[in-house]
Every structure is written in structure tokens, then in C-alpha cells.
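The structure under discussion appears below in the form of C-alpha cells.
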Amino acid sequence: MSMHPRQRLPRRAAPSAAVSAGDGTPPGIDPTGSPGTPTLRFPSDFGWGAATSAYQIEGAAKEDGRGESIWDTFSRTPGRTRNGDTGDVAADHYHRWSEDLDLMRDLGLHSYRFSVSWPRVQPDGTGQPNQRGLDFYRRLIDGLHDRGIAPMVTLFHWDLPQSLQDAGGWENRDTAYRFTDYAEAVYRGLGDQVPVWLTVNEPKTVVQNGYLQGHHAPGRQDPDAAYLVAHHLQLAHGLAVRALRASGSTARIGPALNLHPCYPADDTPAAASAARLYDGYENRLYLDSILSGGYPEDVLADLGAGSRMAQGIADGDMEIISTPVDLLAVQYYTPYYVTADGLTTRRWPTSQADWQQIYPDGMYDILTRITRDYGPVPITVTENGLPCPDVPGPDGVVDDTGRIAFLRDHITAAHRAIADGVPVESYHVWSLLDNFEWAEGYEQRWGLVYVDYTTQRRVPKRSAHWYRDVIRDNGL
Ligand code: IFM
């Protein structure tokens, strides 16, 4: 088996000459644009939202019967996260959910995407659900409806119960079946009030960060295990889609995939061919299987017939994985430029997250490519955003002009894709609140709303006011 390119490329690559000022403002872009008379109107039923995930905001790690997740274990292990940060308290959303819902109402959000914490609902990953855990999400969902905001619920956003990890985690095929039981318990508890379910968030990040590079939980560096995990995560997705349908639910369901356009770094045939394989690992390994029923041949060939993944594909798995979905949730952050030897290089300024090149046209390219290659599957953009070094000024204002420029340019790119026939239904900013950014701890602030982690005071940033106007005007 040849090595996946990401293995040879540390995520933290050497800085290129073209770097941003660190506030995410690409050179040459006026960050101060604010909506006046909108010149770009979105379809009248377009949905505007914001997204979060359980471990990143909830805190209350030991309350109301919540069990331990792999992120509790990982973040409490010295050296794993920046400054030793954990999600023990995070943005304390578990206690401040009502205030946070009021913030969402003030923004005018149509849709709020959040995740259910598996160990809050099944502390050990199996068995009877913990009613106090379900009650929290019931209160949240009722509170959203009271404020006219539609809940969009992700079932798995990386916080696997530690007990399941102890039994092999996603390397163990059985975990996909445990996920289905958990999904059924959540549908039974909350399903009547949830119009959209997302199964598994960014399986690729689990594969790459959790099992190739090892800087996310569970901290493994084992390529052969990584791609078996890719298969089991997708099996879990397909089984959950079937289980939801079998429950008689009319809710819509789909996967949440982070997709990256992969361009050749130069005009050589070798770079073109390397970029094609890179695209296989980044995108087609998830899109072809879920939307077309088979893993890409080039990736399978590259992994080799003897790989644990190839050996782990049982009869009928691909039919399960490709069970028709109602929508595809797309998360776009960065493009990749691939050299002839399968490494990546930078072409655009980066944000404070050094893996993120700011390239709004990549949003257009990835959205149009989905429709071109897989047909008119309805798309919701469930994440898009950047971290900025946000600090309240003496007047208390958080002036994140770089975020406004970023959002404006990416929303404009999404509008162009819609105008060219891509069925994009909604757009969600990552993130509603500053939160625990995994291995980066609390250093990177991704929110529309600033969180003072000492007092837990929330301060809507300038971008929040700007986004509120975009929603109000249904355009910019
Ligand atoms: O914070 C993460 C999120 O959990 C998944 N998508 C990418 C975001 C920014 O890194």
C-alpha cells in the first residue's frame, strides 16, 4: 500500500510567502463592506443558520449522568491539546442554552445545527437511554421552535463514548451497529420535532486527524486502521439512514462531509494525476460511496487488496452505505494544491488556522462539482467560517472585519453556484459561538459571538450584526 499523501504532509506545513495579516483578511479585499441595498438576493425560501457541536460548547462534562467520551480522555491527556485545554466547561452552553437561543433569535437565524452528545444519551455507548440527557436536548429543541428556529441535528460529531473505544472504537465493525441503536434511541426521544438529521460529521477528519496524523482523539497513527475506520463510519451512516426510515419518520437525513477542491499545483501531467488521487482520498472516498454506491477504484487500488479496509467490506455494505439520502451537508474551508509528488502547497493567504487557505472560489467549485458529478442532490452548507484573533476593544466592540470579508465572499460564491443551477438550500456559519477548537483548545475563535471564558459573557461580534442584516435582507 502506498502512503496517503496526507501522511507525508504534516498539517502544519511551512508558511508560504503569501500570508495574511492573521485576521483572515485576504490582501486586496475591503473587509468593511456592509449590506445596504442588497445586490445579491437568495431564493425566497433560502435558509440562514449557524452551527456548533456538543463537545465544543456544552461543558457540563460530568452532569446528569453523562458518560466519558474519547475527547474527555484525549483532552485530559497531557500534551494533547494546546495549553491542556479540555471541553469540561467550554462555553457552558449546557447551562446557558436559553440565553444562547435568545442570541440566535436576535440574529434572525432560520436554522440551528447542533449535535447530540452520544455519551450524554448513552453513557456507555449502549443500552437504555439516559433520560436526563435526552431531556436537555428536548428543552433545546422546544426552545428553538418557540423562537421560530428549525433544529438540524447531527448524531455524531466525534465524541464517541470511551467504553466503545475500549472495545475497539471505529475499527470495530460493531460500533456501526451500536451507532444505529443510539440513533434509534435519539429518534424515539426527539424525532417528532426534528426536520433534518445529519448522521456522521466529517468522517474524513476522524480518519485523517484521529487515525493518520493522530492529533485528534483517539490519537492513532495507523493508515491501515484509518481506512477501515472510513468504511465503518460510512456503514454507520447508511445503517442510521435505514433505521430512521424504518422508524416511519418523514424527517430528512444525510451525511455531513467536509469537501476540498484539489487542484494540480502546476501544469504537468504528473501534478494532474497526483491531484486526482488526492481528490480520491479527500472527496470521492465519501461521495462516490454514499451517492454512487462504490468506493473509487483509484483509491482502492492505492490502498491495495490486502488492506484492512478492502478486507473489511462485507457483501451488502455498499448497498447500505448508498441508501438514498435526502440531502448532502457540505462543509467548505480550504482548497488543496497538489504537487507531482503528492504533497500540497499553498497559493492563498491563510487564516489563523494555518491549514486554511482563503479561497472563496473553492466554494463555487466544490458545489458545482457535486451537481455535475452526482446530479441534483439537495445541498445544505453546514459549515463555513474562519478563526480570527478576536478581542473586544475598549468600547467592548469585537471588530472582526476579516470574518465579514470571508463570509461575504463565500456567500457570494454560494450564490453564484445557485445561479448556475446547484440546489443549495441553506447556509450555516461555523460557528455560532467561540468554542473548543479540538487540539487547538480555546486559542482559535471561530464564533459570530465572542465568549469571555472567564465570565462566560457573550458579546456578538461585528460579524454577527452584519450576518443579522444579511439574513434580514436575504442577501448582500
Ligand atoms: O471546529 C471544527 C468542527 O468541529 C468541524 N469542522 C471544522 C471546524 C473548524 O476546524
- [ ] Just the ratio, please: alpha-carbon radius of gyration of the stretch 364-476 over 2.2 N^0.38 Å, N its number of residues.
- [x] 1.19
TODO: Take every DSSP beta bridge whose two residues both sit in the stretch 318-476, then give the antiparallel share in percent to the nearest 5.
DONE: 50
- [ ] Take the eigenvalues of the Cα gyration tensor for the stretch 197-302, scale each by 5, and report the square roots as semi-axes in whole Å, largest first.
- [x] 27, 17, 12
Open item on the list: Using alpha carbons only, how many angstrom separate the centre of the stretch 256-311 from the centre of the stretch 163-179?
Closed with: 25
- [ ] Normalise the Debye intensity by I(0) for the stretch 307-350, one equal point scatterer per Cα, no solvent, then take log10 at q = 0.31 Å⁻¹ and round to two decimals.
- [x] -1.09
Task: Volume per residue that the Cα convex hull of the stretch 150-245 spans, once the total is divided by residue count, Å³ - done: 86
Open item on the list: Which order do the peptides 227-234, 351-358 come out in when sorted by mean C-beta neighbours inside 10 angstrom, highest first?
Closed with: 227-234, 351-358
TODO: May I ask what percent, to the nearest 5, of DSSP beta bridges between residues of the chain are antiparallel?
DONE: 20
Open item on the list: Based on the alpha-carbon set only, what is the convex hull volume of the stretch 216-275 divided per residue, in Å³?
Closed with: 153
Open item on the list: Quick check: convex hull over the Cα atoms of the chain, volume per residue in Å³, rounded to an integer?
Closed with: 137
Task: Computed helical MRE - 222 nm, the chain, DSSP H runs ≥ 4 contributing -39500 (n - 2.57), nearest 500 - done: -10500 deg cm²/dmol
- [ ] State the Cα centre-to-centre distance between the stretch 101-153 and the stretch 415-476 in whole Å.
- [x] 18
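Read-outs: derived from the displayed coordinates by stated rules, not from any lab. Source: prediction; values computed, not measured. Positions of Cβ are backbone-derived with ideal geometry, glycine not excepted, and every protein chain shown enters the neighbour counts.
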